[in-house]
Every structure is written in structure tokens, then in C-alpha cells.
Amino acid sequence: MVKYFVFLSLVFLVPYCNAQQVIPLYQGKVPNSKSVKNEEQRVANSDVDSLTSNVSVPTLSVFLPPKGMANGTAVVICPGGGYHVLLTKREGSDAARAFAKMGVTAFVLKYRLPNDKTMLDKSIGPLQDAQQAIKIVRKRAKEWGIDPKKIGILGFSAGGHLAATAGTHFNTLVIENGEGISVRPDFMLLINPVISFTDKIGHIGSRDNLLGPSPTEEKIRLYSNELQVTAETPPTILIHSDADKVVPVANSVEFYSALKENKVSGELHIYAKGEHGFLTAPSFDEWFGRCIFWMKSMSLI
């Protein structure tokens, strides 16, 4: 236990890391988009610092480790927000800086929020951006000192749904990929994730925002990621609170069970206390430390 807290304290002794570069996900016109005015907004929020809404121009913010500390592993971070807003600081840059301090090259994905006004097919917009982000990181791995076989994805809440979708739908390309670059993440870190879109345990707000208010049963099943796990699904760690009143813990439990059924390496941590988003508990140090220890156990760092 002492060793655990000593490790965590070291995270905050490493020099502060800022995004060195913000790059557009696409060159030229964004695919699956309508020609409309960019109305993106970022507003202050007392609970999570800031919220970003109306995202129609996706970007990737790069957080490089301090010089000499890079270990070759990378993670693409998908902030949560119910497919309605993005918590780009608390569940984006804050997490990215912590990973960079541990030698992991981090990328915050500001993905498009599904909207019929800005997209031709809003149901695939976020997944397009996740696949494109993984493609870019893998294509430019040498430039950033990354092992192309150690590129993972992390997601919070609805961002966890996006991350899990990227990890279960990588054989279905929704982007142009003439170079044949793999868009499969090598590992997944899912924090209080939305996994299912079923009526029983799904987060209906996220489902409505992504699929619309009256999705077909086929669509619901397709985007219920506990039903899409195969033997090819990447190794995964899931972290959730049993007291989560927004996204039931059954989302993580069902996904973990599917991993086991398909003989995929998985780890599940359930805290007895803590609200959705872990605003007060468990602490950032706690859940982040578990992610790092799991990554160590998987020889990712």
C-alpha cells in the first residue's frame, strides 16, 4: 500500500506537460459533414471546469512525455458528455497530462458530436473520428516515438462507449483507408463507460443523441458493445462505481463478462462508493493508478 501511494506521488513531481500540437483530423472537407457554420462553444462549468459543445470540426491534441521519458505507448482519450457535450479538460487534457508524465504519449480526441444539422449520418460520425485518430497515431508513430503495436484508447462515460465501439467495430471501416492502416486499438481503458444501448441497462440519453429517439432494434444491438465482443477485441480494463446512478455498473459487468466468454484479457474494478464521473470518489489518483498498474501488468509500460 505504501508503495502504491509513493508511486502516485511521483506522477505529480514530473514537469508539467502541455499540448505541444493540435492537429486537424482530416485534410480538406470533413467526411460525412454538411456545409454549415462552425458553432463550437466552450463554456465554464463549476463541477468540471469547462464543457465544449457543438463540435463539428474534430481535432487531436498531442501531449508528449518529458524528454527522455517516453516508453513507446500511446493512448487516444475520448472525453465523455453523453454525445451532447465534451468534458475536454477534466476528461481530456487533465488525463492526458497525467499519462504524459508517466511516459505515455497522449492524444485528446475532440470528436464530432452527433447532430443532424452538421452530419449526413450522425450515428457514424464519432466512430469515424475515433478510427481516424487511431489511423493518424499509427501512421505517424515513428515521428512521435510510439510503438505502433502499443496504441490504446481510453474513454469516459459516453466517450467510453465511443472507445468500446472503436474496439469492437474496427473491422467495419467508416473512413477512407487506402493505405490499409489498422484502426484496431491495442488496448482499452474504459472509465464508468456507457456500453449498452439496451432499454434494460443502457444510457438512453446517449443513445438518443447518437441514434435518434426511435432507433431500430438492429441499430440498438449494433451499438450495444457487450453484444459485439469477439476474440479479436483488445485487452481491456473497466473501472466503475456500484453507486453510479447515471450509467449502471451493469454496463461494465456485461462487457467484462463478454470479454471472459471470448477469452479476452480483462480486468474489472468496482468501487462501492462514488458518483458518475468520479467527481468526489474515487480520487483521480486511485483510478488512474489502477490504470497504470494494469498497463504495467500488460507490459504496455
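The values are calculated or read from the model by the stated rules, or taken from the named source; none is laboratory data. All of these numbers come straight from a predicted model, not from anything done at the bench. Positions of Cβ are backbone-derived with ideal geometry, glycine not excepted, and every protein chain shown enters the neighbour counts.
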Worksheet item: Got a sec? Which of GLY205, GLY274, GLY266 is more than 17 Å from the chain's Cα centre (by Cα) and free of Cβ contacts under 8 Å to residues at least 40 places away in the same chain?
Response: GLY274
Item to complete: Could you pull out the residue among ARG184, ARG207 that is part of a loop (DSSP other than H, G, I, E, B) and in contact with a Phe, Trp or Tyr (Cβ under 9 Å, 6 or more places away or on another chain)?
Response: ARG184
Discussion item. Based on this model, can you work out whether SER214 counts as small (Gly, Ala, Ser), part of a helix (DSSP H, G or I) and either touching a strand residue (DSSP E or B) at 6+ places or on another chain (Cβ under 9 Å) or farther than 13 Å from SER257 by Cα (or both)?
Written reply: no
Worksheet item: Any idea which of (1) in a loop (DSSP other than H, G, I, E, B); (2) crowded, with 16+ Cβ neighbours inside 10 Å; (3) in contact with a His (Cβ under 9 Å, 6 or more places away or on another chain); (4) not small (Gly, Ala, Ser) is the one LYS245 doesn't satisfy?
Response: (2)
Discussion item. Being in a strand (DSSP E or B) and surrounded by 21 or more Cβ atoms within 10 Å (Cβ to Cβ) is the requirement here; does HIS269 meet it?
Written reply: no
Worksheet item: Among the residues of the range 82-104, how many are in a helix (DSSP H, G or I), aliphatic (A, V, I, L, M) and over 17 Å from SER283 (Cβ atoms)?
Response: 2
Worksheet item: In this structure, does LEU109 turn out to be assigned to a loop (DSSP other than H, G, I, E, B), touching a residue at least 12 places away in the same chain (Cβ under 8 Å) and at negative phi?
Response: no
Response to the item:
Just one listed residue, out of TYR26, TYR16, is aromatic (Phe, Trp, Tyr) and either surrounded by 16 or more Cβ atoms within 10 Å (Cβ to Cβ) or modelled with pLDDT of 85 or more (or both), and it is TYR26
Practice prompt. For LEU211, indicate whether it is of a type in the set (A, V, I, L, M, F, W, C) and within 21 Å of MET119 (Cα to Cα).
Written response: yes
Response to the item:
How many residues of the range 16-68 are hydroxyl-bearing (Ser, Thr, Tyr) and assigned to a strand (DSSP E or B)? The answer is 6
Item to complete: Please find, within the range 272-301, the residue that is farthest from PRO193 (Cα to Cα) out of those that are in a loop (DSSP other than H, G, I, E, B) and among the hydrophobic types (A, V, I, L, M, F, W, C).
Response: ILE301
